[in-house]
1. In the list Arg280, Arg259, which residue meets the criterion of being surrounded by 14 or more Cβ atoms within 10 Å (Cβ to Cβ) and farther than 17 Å from Gly98 by Cβ?
2. Please tell me if Ala55 is hydrophobic (A, V, I, L, M, F, W, C) and more than 30 Å from Leu313 (Cα to Cα).
3. Criterion first (closer than 26 Å to Asn132 by Cα, free of Cβ contacts under 8 Å to residues at least 24 places away in the same chain and either surrounded by fewer than 16 Cβ atoms within 10 Å (Cβ to Cβ) or not assigned by TED's automatic domain parsing to the domain that holds Leu90 (or both)) does Gln168 satisfy it?
4. Give the range 163-214 a look and list any residue that's farther than 17 Å from Arg85 by Cα and basic (Lys, Arg), or say none.
5. Please give the number of the condition Leu184 fails out of (1) more than 20 Å from Ala291 (Cα to Cα); (2) surrounded by fewer than 16 Cβ atoms within 10 Å (Cβ to Cβ).
6. If the requirement is being over 16 Å from Ile353 (Cβ atoms) and assigned to a loop (DSSP other than H, G, I, E, B), which of these qualifies: Val292, Val283?
7. Would you mention how many residues in the range 143-158 are surrounded by 13 or more Cβ atoms within 10 Å (Cβ to Cβ) and of a type outside the set (S, T, N, Q)?
8. For the range 335-347, name all the residues that are over 20 Å from Ala55 (Cβ atoms) and either over 24 Å from the mean Cα position of the chain (by Cα) or not hydrophobic (A, V, I, L, M, F, W, C) (or both).
Amino acid sequence: MTALIPVPTSSRSRLPIVLPLAAICLALAAGGLPRLSAHAAVVRQTAALSTPTVAVVAPDAAALHQSLVLPGDVEAFQEASIYARTSGYLGQWLTDIGTHVHSGQLLAEIQSPEVDAQLAQARADAATASANYQIAKVTASRWESMLKSNAVSEQSSQENVSTMKAKQAMLAAAQANVDRLQQLQSFEKVYAPFDGVVTVRNIDVGALIDAGNGGTPAALFKLAETDKLRIFLNVPQDDAADVQLGARATLTLPQYPGRTFVGSVARTAGAIDPVSRTLRVEVDMDNADGAVPPGAYAQVSLALAAPKAMLSLPANTLLFRPSGVQVATVDGKGQVRLMPVTLGRDFGTRVEILKGLSGKERVIVNPGDAVSNGQSVSINAHPADAS
C-alpha cells in the first residue's frame with residue numbers, strides 16, 4: 001500500500017495564484033510575438049522603401065547622321081514656255097506632247113508674208129543706199145584730187161566728203177534694217193532650246209500667231225528637261241545648320257511602293273524664310289529612264305550631319321523642372337545628384353545631350369517627380385529595357 005506524501009499547506013495555497021499568472025503569460029506571449037514580428041517586418045519594409053531601387057543607364061554616343069523626312073516638290077531641271085518672235089499663221093507643227101526632242105530640233109514653222117515683203121524692200125533700200133554711197137565716194141575722191149592742184153575750193157571738197165559720209169551712214173542704217181528683218185524671218189522657224197519633252201502644245205495649223213505686237217502672246221509649246229530633276233523641300237530652321245551640300249537624299253513616290261530614288265543636295269537658299277522659318281533646299285536627281293514625272297509629289301528622306309559627336313539619353317530619363325531640364329544620376333556613394341543638361345536633336349526615343357554630362361554618369365531611368373539631391377538609392381542589378 002502506497003503511502004501518500006502530504007502537500008505542504010503553503011504550496012497548496014499558492015497554486016491558485018501561480019496557475020492564472022502562467023496562463024496570462026502564455027496568452028501575452030501568444031499575442032505579443034506576432035505583433036513583435038509584424039513590427040519588425042514593418043521596420044524592415046520601411047527601411048527598404050526609404051532606399052528605393054532604381055534602374056540606370058549610361059549615356060551613349062549620338063548618331064552623327066540623322067534622317068529627316070519631308071515632303072518635296074518634283075520639278076524639271078529646265079522648263080520653258082516657247083513663244084513666237086514673229087507674227088503670222090502657223091504653217092505646220094512637227095512635235096506633239098510627249099515627244100522627246102533635241103536642242104535645235106525644228107518644232108514648228110510660221111508663215112509670215114509681211115515680214116518676207118519687208119525684208120525684200122529693205123534689201124532694195126540697202127542696194128540703193130550702197131549705190132549712192134559708191135557715187136558719193138568717187139565724187140569725194142575726185143574733189144580731193146583737184147584740191148591738191150588748187151582747181152577747186154577747199155569748202156567744195158569738204159562738202160563732197162561730208163556728202164559721202166552721210167551716204168555711208170544711210171547705207172549702214174539700211175543694212176541694219178535688213179539684218180533686223182532677216183532675224184525676224186529666222187523666227188518663222190521655231191526650234192527647241194534644249195533637250196527635253198514637249199509637255200504642252202497650244203497651236204494648230206492655220207492658227208494666228210501673235211508675237212505680242214498687238215496683245216498678250218500665247219505660248220506655242222512648253223518644253224521640260226526630264227533627264228534630270230530638281231526636288232525642292234523646306235527644312236525647318238532647327239535642322240537647317242545640319243544640311244550639307246552633297247548630302248544623300250532618298251525619294252519615295254506613292255505610285256512606286258517599295259522603290260526608292262537617290263539624289264543629292266545641290267544647293268540651298270542660304271537664308272531662312274521669315275514667313276515659314278524654313279530653309280529652301282534643292283536636291284538634284286538623275287532621271288534617265290523618265291520614271292519620275294515633273295510636278296509629282298515625293299517624300300524625301302534627307303541625311304543630316306551633326307558638326308561633332310554628342311551624347312544621347314533615353315527620353316524617359318529627363319526631368320522637366322522650372323529651373324530647366326535635369327537628369328538624376330547616382331554617385332559612388334549611392335546618392336542622387338541632379339544635373340542640368342542642354343538638349344539637342346530629338347531622335348524620338350532618345351534625345352541628344354549637348355552639355356551637362358561627361359559620358360561616365362549613371363543616369364536614373366523613369367525618375368519620380370519627388371527625387372531630390374542626396375537621396376539614397378540602390379541600383380537594380382538586372383534592370384529591364386531602359387529605352
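The values are calculated or read from the model by the stated rules, or taken from the named source; none is laboratory data. Please read these numbers as outputs of a predicted model, since none were measured by experiment. Cβ atoms come from the backbone with ideal geometry, glycine included; neighbour counts cover every protein chain shown.
1. Being surrounded by 14 or more Cβ atoms within 10 Å (Cβ to Cβ) and farther than 17 Å from Gly98 by Cβ holds for just one of Arg280, Arg259, which is Arg280.
2. Working: hydrophobic (A, V, I, L, M, F, W, C): yes; more than 30 Å from Leu313 (Cα to Cα): no.
No; evaluated as a whole, the condition is false for this residue.
3. For Gln168, the condition - closer than 26 Å to Asn132 by Cα, free of Cβ contacts under 8 Å to residues at least 24 places away in the same chain and either surrounded by fewer than 16 Cβ atoms within 10 Å (Cβ to Cβ) or not assigned by TED's automatic domain parsing to the domain that holds Leu90 (or both) - is not met.
4. Answer for the range 163-214, where residues must be farther than 17 Å from Arg85 by Cα and basic (Lys, Arg): Lys165, Lys167.
5. With respect to (1) more than 20 Å from Ala291 (Cα to Cα); (2) surrounded by fewer than 16 Cβ atoms within 10 Å (Cβ to Cβ), Leu184 is out only on (2).
6. After ruling out the rest, the residue left standing is Val292.
7. Count: 5.
8. Pro340, Thr342, Gly344, Arg345, Asp346
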